[in-house]
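Asker: Encoded as structure tokens, here's the structure I'll be asking about.
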Amino acid sequence: MNLRAIAAIYRYEMDRTRRTILQSVVAPVISTALYFVVFGAAIGGHMGAVNGVPYGAFIVPGLMMMSLLTQSISNASFGIYFPRFVGTFYEQLSAPISVVEIVAAYVGAAATKSVILGLIILATAALFTPLTVQHPFWMLGFLVLTAVTFSLFGFAIGIWADNFEKLQLMPMLVVTPLAFLGGSFYSIDMLPPFWRSVSLFNPVVYLISGFRWSFFGTSDVNIVVSLLMTLGFMAACLAVIGWMFRTGYRLKA
Amino acid sequence: MSTILSISDLSKTYKGGFTALHPLSLDIERGEIFALLGPNGAGKTTLISIICGLVNASTGRVAVDGHDSIAGFRRAREQIGLVPQELATESFETVWATVSFSRGLFGKPPNPALIEKLLRDLSLWDKKDNKILTLSGGMKRRVMIAKALSHEPRILFLDEPTAGVDVDLRRDMWRLVRRLKESGVTIILTTHYIEEAEEMADRIGVINRGRLMLVEEKDALMRKLGRKQVTVTLASQLAALPPRLAERGARLGDDGRALTWIYEPARVQAGMPGLLADIAAEGLTVADIDTRRSSLEDIFVDLVKGAQ
Ligand SMILES: Nc1ncnc2c1ncn2[C@@H]1O[C@H](COP(=O)(O)OP(=O)(O)OP(=O)(O)O)[C@@H](O)[C@H]1O
Ligand SMILES: [Mg+2]
């Protein structure tokens with residue numbers, strides 16, 4: 001195990017965040033605060049409680065998840081895409097590091113950022129609405145698991161993308177809709193039966209549902225199913241990345 | 001001498017079907033400077049990239065000090081430093097940070113004293129806290145060299161180290177390479193500048209269109225092929241070469257004025273006065289004499305042309 005290499009890449013990635021603190025942390029916090037103002041304060045005042053949870057508090061886990069998904073993907077995809085784009089990735093390819101080590105370093109750094117960001121958003125939210133977390137251990141668990149899973153997904157996108165458009169395409173075209181339709185702002189039980197069934201094909205539903213359960217003790221789908229779906233998605237991402245490195249896909253000619 | 005790098009039957013066909021490298025075998029000796037010469041597109045970078053793990057080989061294998069470059073990639077790559085042909089550097093990192101990063105990437109514990117020495121040797125010390133984007137092109141190239149040397153490699157690949165580099169820096173680079181060789185580092189460099197190979201290399205390989213055409217000790221190559229040529233320009237035009245001069249092996253150019261004669265440097269004493277005497281005996285007036293030693297460049301051009 002080349003731990004020093006993992007540490008070097010991890011530290012490099014964290015330094016990059018520090019240099020770009022505005023995009024990395026401030027921007028998502030501001031946009032989350034705007035959601036709270038609009039949905040929590042303005043609209044939420046006219047909404048009843050959902051499953052016994054006041055609407056302002058109800059949307060907190062969903063908003064955290066939405067930021068977590070988009071930030072994990074953009075952090076991780078950019079982290080690997082950029083050195084490929086500017087041509088400095090030759091060094092990582094020529095160094096005595098295994099795929100597992102490269103992935104651990106990049107994904108670890110991206111996930112760390114996302115978790116920190118999630119916690120900042122939680123703290124921001126607590127300023128707007130009273131919050132209690134019933135299962136803090138599970139809450140952190142879901143936070144870390146989701147951050148890692150979607151950082152893996154982002155990492156794969158960063159290898160797949162061969163231009164900046166593609167790098168932004170996936171998050172915009174796929175992830176944002178899935179996150180919006182995944183029950184960030186509503187319980188899928190509020191949907192007609194047909195759309196409820198359709199929603200069950202959306203992996204984000206399981207993430208948000210499980211995460212929300214850790215806050216309020218109620219969920220749309222069984223917590224075990226949530227956990228299994230998340231792990232399943234993570235395994236799929238790992239398999240794809242493993243294949244990419246084995247075949248040299250877009251990394252080596 | 002022992003082999004430090006063994007390349008056997010290595011070939012590369014890129015996606016799309018272009019064969020950049022035909023099966024090629026080559027052994028590099030420990031501690032030598034090996035120069036790989038070849039025209040644009042010959043396959044030099046492809047060969048280096050396969051050895052360093054940037055490109056997958058289509059066939060064949062590479063062993064670095066006995067370690068297979070794929071099965072034993074850790075032990076193999078630890079020993080290799082690469083300065084690629086293309087300038088590719090971070091922008092917002094400092095020189096110090098990027099060189100330290102490279103050392104960490106290769107699994108070595110921090111060693112500020114070593115990095116300081118490297119930066120001083122490469123005249124980068126006063127730039128150590130500068131962001132890389134504030135450096136000039138030549139300085140960036142030196143940063144890349146510092147990165148490649150940061151983990152104390154035993155084998156250094158320099159892919160056109162002096163392309164786009166001024167004369168001073170080229171001299172510095174040559175000095176650095178010699179110093180590295182003295183410390184036991186094996187160096188493999190590619191270059192378009194023949195004088196560079198002539199100046200530095202112990203052995204020379206010529207590669208063209210993905211085939212290794214020749215591998216020779218530089219001195220032997222120069223001795224074998226390094227002839228001298230004298231060109232005598234006559235004051236007046238000749239219709240035909242006088243038999244006396246033809247017997248010596250001299251040749252007359254199309255313009256009827258340039259007389260060329262090729263000779264072995266060792267036998268110049270015997271030949272040259274005789275040639276000049278014969279020219280005088282024919283009643284010809286010499287306007288100019290020019291001699292030159294055929295350089296590696298001529299050898300190279302002959303080889304590459306001959307193959308086409
Ligand atoms: N990724 C790639 N895909 C397809 N063909 C490639 C690729 N990389 C290189 N080639 C082709 O392989 C051949 C050899 O290229 P290579 O870069 O090894 O040459 P070189 O000897 O280093 O040339 P130069 O002196 O210009 O640097 C060229 O014809 C080039 O077009
Ligand atoms: Mg090249």
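The values are calculated or read from the model by the stated rules, or taken from the named source; none is laboratory data. Small disclaimer: the values here were computed from a predicted structure and weren't measured. No Cβ is skipped: glycine too gets one built from the backbone with ideal geometry, and neighbour counts run over all protein chains shown.
Asker: Return yes when B:LEU21 is within 16 Å of ligand 1 (Cβ to nearest atom) and either hydrophobic (A, V, I, L, M, F, W, C) or under 26 Å from B:THR191 (Cβ atoms) (or both) and no when it is not. Before the answer, list the steps.
Answerer: Details: within 16 Å of ligand 1 (Cβ to nearest atom): yes; either hydrophobic (A, V, I, L, M, F, W, C) or under 26 Å from B:THR191 (Cβ atoms) (or both): yes.
Yes: the conditions hold for B:LEU21.
Asker: Further question on the same structure: Show me the helices (runs of 4 or more DSSP H) found entirely inside region B:59-127 where at least 2 residues are more than 10 Å from chain A (Cβ to nearest Cβ) and either touching a Ser or Thr at 6+ places or on another chain (Cβ under 7 Å) or buried (at least 18 other Cβ atoms within 10 Å of the Cβ) (or both).
Answerer: Working: elements: B:73-78, B:95-105, B:112-121.
In region B:59-127, B:95-105, B:112-121 are the helices (runs of 4 or more DSSP H) which contain 2 or more residues that are more than 10 Å from chain A (Cβ to nearest Cβ) and either touching a Ser or Thr at 6+ places or on another chain (Cβ under 7 Å) or buried (at least 18 other Cβ atoms within 10 Å of the Cβ) (or both).
Asker: Look through B:ARG154, B:ARG141 and report the one residue that is within 14 Å of chain A (Cβ to nearest Cβ), within 16 Å of ligand 1 (Cβ to nearest atom) and touching a residue at least 12 places away in the same chain (Cβ under 8 Å). I'd like the intermediate steps shown before the answer.
Answerer: Working: B:ARG154 fails: within 16 Å of ligand 1 (Cβ to nearest atom).
Only one candidate qualifies: B:ARG141.
Asker: I need the full set of residues from region A:1-40 which are of a type in the set (Gly, Ala, Ser), over 19 Å from the mean Cα position of the chain (by Cα) and more than 9 Å from chain B (Cβ to nearest Cβ), in order please.
Answerer: The one that is of a type in the set (Gly, Ala, Ser), over 19 Å from the mean Cα position of the chain (by Cα) and more than 9 Å from chain B (Cβ to nearest Cβ): A:GLY40.
Asker: Would you be able to tell me the number of residues in region B:204-222 that are touching a helix residue (DSSP H, G or I) at 6+ places or on another chain (Cβ under 6 Å) and either more than 16 Å from ligand 1 (Cβ to nearest atom) or part of a helix (DSSP H, G or I) (or both)?
Answerer: 0
Asker: Step by step: first the residues of region B:20-58, then only those that are within 16 Å of ligand 2 (Cβ to nearest atom) and more than 20 Å from B:ILE80 (Cβ to Cβ), then the one that is farthest from the other protein chains (Cβ to nearest Cβ). Which residue is that?
Answerer: Top of the filtered list is B:LEU37.
Asker: Checking B:VAL99 against (1) more than 15 Å from ligand 1 (Cβ to nearest atom); (2) under 29 Å from A:PRO83 (Cα atoms); (3) without any contact (Cβ under 8 Å) to a residue 12 or more places away in the chain: exactly one of these is not met. Which one?
Answerer: Condition not satisfied by B:VAL99: (3).
Asker: Another question, if that's okay. Are any residues in region A:228-253 without any contact (Cβ under 8 Å) to a residue 40 or more places away in the chain and either farther than 30 Å from B:THR45 by Cβ or within 16 Å of ligand 1 (Cβ to nearest atom) (or both), and if so, which ones?
Answerer: Once the filter is applied, which keeps residues that are without any contact (Cβ under 8 Å) to a residue 40 or more places away in the chain and either farther than 30 Å from B:THR45 by Cβ or within 16 Å of ligand 1 (Cβ to nearest atom) (or both), region A:228-253 yields A:LEU228, A:MET229, A:GLY232, A:ALA235, A:ALA236, A:ALA239, A:THR247, A:GLY248, A:ALA253.
Asker: Follow-up question, since we're still on this one. Among (1) within 16 Å of ligand 2 (Cβ to nearest atom); (2) closer than 20 Å to B:MET144 by Cα, where does B:ALA97 come up short?
Answerer: Among (1) within 16 Å of ligand 2 (Cβ to nearest atom); (2) closer than 20 Å to B:MET144 by Cα, B:ALA97 violates only (1).
Asker: I would also like to ask the following. Counting residues that are surrounded by 15 or more Cβ atoms within 10 Å (Cβ to Cβ) and of a type in the set (Ser, Thr, Tyr), which helices (runs of 4 or more DSSP H) fully inside region A:153-241 reach at least 3?
Answerer: A:203-216
Asker: Another question, if that's okay. On the given criteria, is B:LEU87 among the aliphatic types (A, V, I, L, M) and either in contact with a His (Cβ under 6 Å, 6 or more places away or on another chain) or under 23 Å from B:GLU199 (Cβ atoms) (or both)? Step through it out loud before you land on a result.
Answerer: Working: among the aliphatic types (A, V, I, L, M): yes; either in contact with a His (Cβ under 6 Å, 6 or more places away or on another chain) or under 23 Å from B:GLU199 (Cβ atoms) (or both): no.
No, not satisfied.
Asker: Here's something else I'd like to know. What residue, of B:ASP121, B:ASP65, is touching a helix residue (DSSP H, G or I) at 6+ places or on another chain (Cβ under 8 Å) and on the phi > 0 side of the Ramachandran plot?
Answerer: B:ASP65
Asker: Report, by residue number, each residue of region B:131-159 that is in contact with a Lys or Arg (Cβ under 8 Å, 6 or more places away or on another chain) and buried (at least 20 other Cβ atoms within 10 Å of the Cβ).
Answerer: Residues satisfying the conditions are B:SER150, B:HIS151, B:ASP159.
Asker: Okay, moving on. Considering only residues that are part of a loop (DSSP other than H, G, I, E, B), basic (Lys, Arg) and within 26 Å of B:ASP202 (Cα to Cα), which ones fall in region B:128-179?
Answerer: B:ARG154
Asker: Failed condition for B:GLY53, given (1) touching a residue at least 40 places away in the same chain (Cβ under 8 Å); (2) over 20 Å from the mean Cα position of the chain (by Cα); (3) crowded, with 17+ Cβ neighbours inside 10 Å, with all others met?
Answerer: Only one criterion in (1) touching a residue at least 40 places away in the same chain (Cβ under 8 Å); (2) over 20 Å from the mean Cα position of the chain (by Cα); (3) crowded, with 17+ Cβ neighbours inside 10 Å is unmet by B:GLY53, namely (1).
Asker: Right, B:LEU189: in a strand (DSSP E or B), within 16 Å of ligand 2 (Cβ to nearest atom), within 14 Å of chain A (Cβ to nearest Cβ) and touching a helix residue (DSSP H, G or I) at 6+ places or on another chain (Cβ under 9 Å) or not?
Answerer: Here the answer is no, as B:LEU189 does not meet what is asked.
Asker: Can you work out which of the residues in region B:5-19 that are more than 16 Å from ligand 2 (Cβ to nearest atom) and of a type in the set (D, E, K, R) is farthest from the other protein chains (Cβ to nearest Cβ)?
Answerer: The qualifying residue farthest from the other protein chains (Cβ to nearest Cβ) is B:ASP9.
Asker: Mind checking which residues of region B:161-189 are modelled with pLDDT of 90 or more and within 16 Å of ligand 1 (Cβ to nearest atom)?
Answerer: B:ILE188, B:LEU189
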